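Below: one structure, written as structure tokens.
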Amino acid sequence: MASDVRLKEQLPRLTERIVATYTPDDAINHLGHCALPSYEAIIAILLDIKDILYPGYRRKVGLHAGNIAYHVGSTIDSLHDQLTTQIARALRHEDRVRNKHNDCESETDYEAKGQTMAIELLERIPALRKTLATDVQAAYEGDPACQTTDEVVFCYPGIEAITVYRIAHELVRLDVPFIPRMMTEWAHKQTGIDIHPGATIGEYFFIDHGTGVVVGETCEIGDHVKLYQGVTLGALSFKTDDSGELIRGQKRHPTIEDGVVVYANATILGGRTVVGHDSVIGSSVWITRSVSPNTTVVLEQPSLRVRGGASVNSVDEHANYQI
Amino acid sequence: MASDVRLKEQLPRLTERIVATYTPDDAINHLGHCALPSYEAIIAILLDIKDILYPGYRRKVGLHAGNIAYHVGSTIDSLHDQLTTQIARALRHEDRVRNKHNDCESETDYEAKGQTMAIELLERIPALRKTLATDVQAAYEGDPACQTTDEVVFCYPGIEAITVYRIAHELVRLDVPFIPRMMTEWAHKQTGIDIHPGATIGEYFFIDHGTGVVVGETCEIGDHVKLYQGVTLGALSFKTDDSGELIRGQKRHPTIEDGVVVYANATILGGRTVVGHDSVIGSSVWITRSVSPNTTVVLEQPSLRVRGGASVNSVDEHANYQI
Amino acid sequence: MASDVRLKEQLPRLTERIVATYTPDDAINHLGHCALPSYEAIIAILLDIKDILYPGYRRKVGLHAGNIAYHVGSTIDSLHDQLTTQIARALRHEDRVRNKHNDCESETDYEAKGQTMAIELLERIPALRKTLATDVQAAYEGDPACQTTDEVVFCYPGIEAITVYRIAHELVRLDVPFIPRMMTEWAHKQTGIDIHPGATIGEYFFIDHGTGVVVGETCEIGDHVKLYQGVTLGALSFKTDDSGELIRGQKRHPTIEDGVVVYANATILGGRTVVGHDSVIGSSVWITRSVSPNTTVVLEQPSLRVRGGASVNSVDEHANYQI
């Protein structure tokens with residue numbers, strides 16, 4: 001009743017076969033290259049930044065006016081070092097990919113560039129706190145099931161996703177490669193909300209429930225916008241160049257003006273689609289054209305087939321649902 | 001090739017700037033207040049309760065008739081202490097918010113109240129096991145891909161979400177604030193299923209796949225109800241009072257009677273919407289009005305635009321899909 | 001201000017009441033049985049296999065031609081032992097369930113069977129790498145927001161879900177019970193993408209965003225297929241046998257031929273539904289009938305009710321959306 005030791009003797013040959021597939025033209029190994037940013041380090045950085053954005057809620061308890069400066073000071077110091085290292089790795093990786101070389105050496109001092117970007121990000125924390133306070137307020141005002149703003153900060157997935165997006169978006173604005181997407185994909189995993197870090201989003205932004213929300217890279221979203229679960233702000237189709245390659249970087253996703261509400265599972269597609277200010281897009285609506293300001297768009301009474309009564313043989317009849 | 005130490009000299013000034021934003025009227029810091037319930041402690045409590053609800057499946061192996069009483073006894077003892085502490089924190093926090101004071105001292109003995117509530121929850125474990133056994137049975141009977149009930153307990157996300165909901169709902173019934181929502185948001189993160197702890201749900205409840213399901217705070221769900229992924233049981237719109245504030249606590253979400261099946265991505269909205277017993281709501285249907293018992297509601301053959309054949313120049317024609 | 005020790009005296013009686021519910025006919029305890037596969041061990045196995053499939057990306061940095069063979073060799077050795085143990089547990093559990101006995105003893109040498117299956121899985125790693133390289137390529141080519149294939153390997157949830165599915169599917173092909181579903185449910189938790197390990201999926205498979213995707217057990221998917229978030233490839237309804245029990249194992253889910261694209265939140269149902277090669281299924285479309293090759297199916301201009309202008313009293317008018 002035990003495994004056969006002799007069978008294990010074929011394992012070294014298997015190892016050889018596997019290693020033989022790690023060829024230089026193999027796109028899915030990263031051997032002999034400079035280190036990529038560390039996934040674990042990026043998560044640790046996010047948790048530290050959140051500790052400073054929302055002090056006293058999660059990891060540290062017992063913080064008060066008398067000790068908070070020490071706590072923030074030491075966290076900022078450590079964030080400086082961590083961010084510098086990880087941003088430098090991301091810059092070096094991008095250099096290698098862009099210039100198709102395989103060398104970790106470079107004339108550029110990526111640590112110095114990384115440090116500048118790290119400090120620039122940290123300097124934006126007071127402004128980030130200001131914006132995030134508007135998001136928390138919007139959640140409290142928009143959800144009748146919510147009792148206190150503490151609840152929002154403490155356990156609302158929408159705020160989790162928006163917080164990580166806002167941090168990552170600052171890194172996009174600083175031209176930091178690779179790391180912003182790592183951050184928002186981590187938030188996506190936590191919350192089911194997928195906001196591309198390249199999107200532009202105004203103040204007082206609220207996502208309720210959130211699972212399945214997708215906000216594309218080139219979306220422009222105004223102030224006081226509210227999205228429910230399953231909303232897609234996506235692309236219509238992709239243009240390719242003469243050689244058949246996708247054209248990257250064009251505006252492919254909609255513009256949502258101030259004060260718009262988009263209900264559950266609605267889909268809004270296209271780079272030239274504009275939803276005008278203070279409009280309401282109803283649940284499950286699917287649109288690819290612009291909507292004027294102050295407009296409510298809901299599904300017409302849906303054509304439903306209703307087979308009613310206890311008998312399965314009864315005649316189908318059309319329901320007359322009023323919405 | 002290293003970061004510049006002199007640049008770090010600006011960090012203390014940055015720390016000062018950040019700390020200066022932690023003002024008393026800042027809604028997103030929790031400094032100098034009594035401790036909130038600990039997120040980590042709440043998760044640990046949930047895992048311990050699940051160990052007792054479903055003994056032998058996950059964390060402890062080798063449990064049998066001869067040692068199970070010791071295991072349960074010591075877990076219950078530790079749960080008593082942990083629950084007492086965390087519930088006391090939640091009660092004290094609610095007192096502070098409700099009475100707008102900033103003081104951890106209070107005439108109320110929150111530890112004593114917390115202990116009573118903790119023991120009351122633990123006393124309900126045998127009844128919870130009875131109900132959860134019906135949910136597991138419903139999953140086994142409802143999913144042709146399922147081989148054994150063990151599989152359901154072991155890895156079905158629906159059961160994970162329902163288990164946490166049922167625990168959290170007992171805490172709602174005991175008037176424990178804050179913690180129930182923390183619990184269901186943790187389950188939401190694990191499973192993509194967002195059940196508000198205030199909802200009322202009968203026996204033999206099954207959610208298949210589950211990602212994107214939302215069950216609102218004031219839903220009433222009967223026995224033998226089955227939901228698929230992406231189903232929303234939500235609110236139509238929110239009433240505000242004279243000062244424009246949301247009115248909280250009204251019935252805003254639908255009633256789903258016994259034996260109803262709701263297929264993937266259907267949306268049912270409104271506090272006065274009742275889906276009568278043994279009805280079937282088809283995939284992607286969107287309704288805001290009541291449905292009689294024994295009724296099947298599916299989308300009418302959808303109006304589809306089909307551009308067919310190998311030629312892109314062919315004329316559009318309307319498909320005649322029969323469902 | 002402390003909990004009352006005397007109240008704790010009722011806890012032993014509560015423990016007795018709970019333990020009394022762990023009866024032999026209670027379907028939700030696993031006491032006195034042979035150990036089930038360990039959830040933690042299965043996750044550790046997945047992370048180790050991913051380290052070998054995509055060397056150098058995540059957990060180990062600094063791998064290069066000179067040390068990679070040692071790393072792979074020792075990981076394969078440990079995987080052999082872990083897989084053997086866990087597969088043996090799964091086989092023994094299945095034996096117990098199938099033959100309704102309660103005994104860990106058996107005439108079958110499950111360790112030996114487990115070892116054979118473990119080695120067979122490991123032998124398939126080179127072939128798995130080949131297929132997964134096509135999936136990574138498909139993601140890069142299909143997403144205009146993607147800069148490098150490294151990004152895909154590093155943080156795309158679609159690749160995470162597909163990788164775990166492909167490993168689990170090999171175990172299904174080897175007739176390993178229980179473990180494949182544990183694996184894909186773990187991936188479901190990470191990504192919101194629920195692919196049943198029994199599904200058959202060709203090369204160059206891409207899932208973008210992915211939250212809410214469900215791929216059923218008996219789906220057959222060709223090469224170069226692309227799915228967006230919220231797509232369901234599901235069953236229409238379930239057949240029951242004369243005694244009312246579900247018939248398990250029939251083809252209940254659709255066939256998707258080569259080169260098909262299915263946009264966000266589309267639902268395709270039924271075991272006899274075939275979507276012909278190179279067809280496009282538009283966002284939010286819901287179909288239960290077959291579609292010819294080279295066909296584009298989109299929602300007809302949706303019947304929307306638009307209430308426009310600043311005045312709430314304005315007349316409803318039908319929008320004429322062109323898609």
Enumeration of residues in region B:86-130 that are more than 8 Å from chain C (Cβ to nearest Cβ), over 15 Å from B:Ala168 (Cα atoms) and either touching a strand residue (DSSP E or B) at 6+ places or on another chain (Cβ under 9 Å) or not in a helix (DSSP H, G or I) (or both): B:Asn99, B:Lys100, B:His101, B:Asn102, B:Asp103, B:Cys104, B:Glu105, B:Ser106, B:Glu107, B:Thr108
Residue list for region A:157-183, filter: touching a strand residue (DSSP E or B) at 6+ places or on another chain (Cβ under 9 Å) and within 14 Å of chain B (Cβ to nearest Cβ): A:Pro157, A:Gly158, A:Ile159, A:Ala161, A:Ile162, A:Val164, A:Arg166
Of all residues in region B:1-47 being touching a residue at least 12 places away in the same chain (Cβ under 8 Å) and in a loop (DSSP other than H, G, I, E, B), the one that is farthest from A:Leu83 (Cα to Cα): B:Cys34
Filtered residues of region A:254-267 (kept if more than 10 Å from chain C (Cβ to nearest Cβ) and either in a loop (DSSP other than H, G, I, E, B) or more than 16 Å from A:Thr200 (Cα to Cα) (or both)): A:Pro254, A:Glu257, A:Asp258, A:Gly259, A:Val260, A:Val261, A:Val262, A:Tyr263, A:Ala264
Residue, nearest to the other protein chains (Cβ to nearest Cβ), within region A:282-301, restricted to residues that are touching a Ser or Thr at 6+ places or on another chain (Cβ under 6 Å) and closer than 16 Å to A:Asp258 by Cβ: A:Thr295
Qualifying residue in region C:227-236 (condition: modelled with pLDDT of 95 or more, closer than 20 Å to C:Thr131 by Cβ and outside any strand (DSSP E or B)): no
Filtered residues of region B:173-222 (kept if among the charged types (D, E, K, R) and in contact (Cβ under 8 Å) with a residue 60 or more places away in the chain): B:Glu203, B:Asp208
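I'm trying to understand the selection: among the residues of region C:202-220, which are assigned to a strand (DSSP E or B) and either under 25 Å from B:Lys189 (Cα atoms) or in the same structural domain as C:Arg173 (by the TED database) (or both)?
Hits for region C:202-220 are C:Phe206, C:Ile207, C:Val214, C:Val215.
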Flag if B:Val176 is under 19 Å from the mean Cα position of the chain (by Cα) and assigned to a loop (DSSP other than H, G, I, E, B): yes
Unmet criterion (only one of (1) surrounded by 24 or more Cβ atoms within 10 Å (Cβ to Cβ); (2) facing chain C (nearest Cβ under 10 Å); (3) under 21 Å from B:Trp186 (Cα atoms)) for A:Lys189: (1)
Top-ranked residue in region A:20-38 [being surrounded by fewer than 20 Cβ atoms within 10 Å (Cβ to Cβ) and at pLDDT 90 or above; ranked as farthest from the other protein chains (Cβ to nearest Cβ)]: A:Thr23
Residue in region B:66-88 that is touching a His at 6+ places or on another chain (Cβ under 9 Å) and in the same structural domain as B:Arg181 (by the TED database) present: no
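The values are calculated or read from the model by the stated rules, or taken from the named source; none is laboratory data. This is a predicted model, so every value here is computed, not measured. All Cβ positions, even for glycine, are placed from backbone atoms using ideal geometry, and neighbour counts span all protein chains on display.
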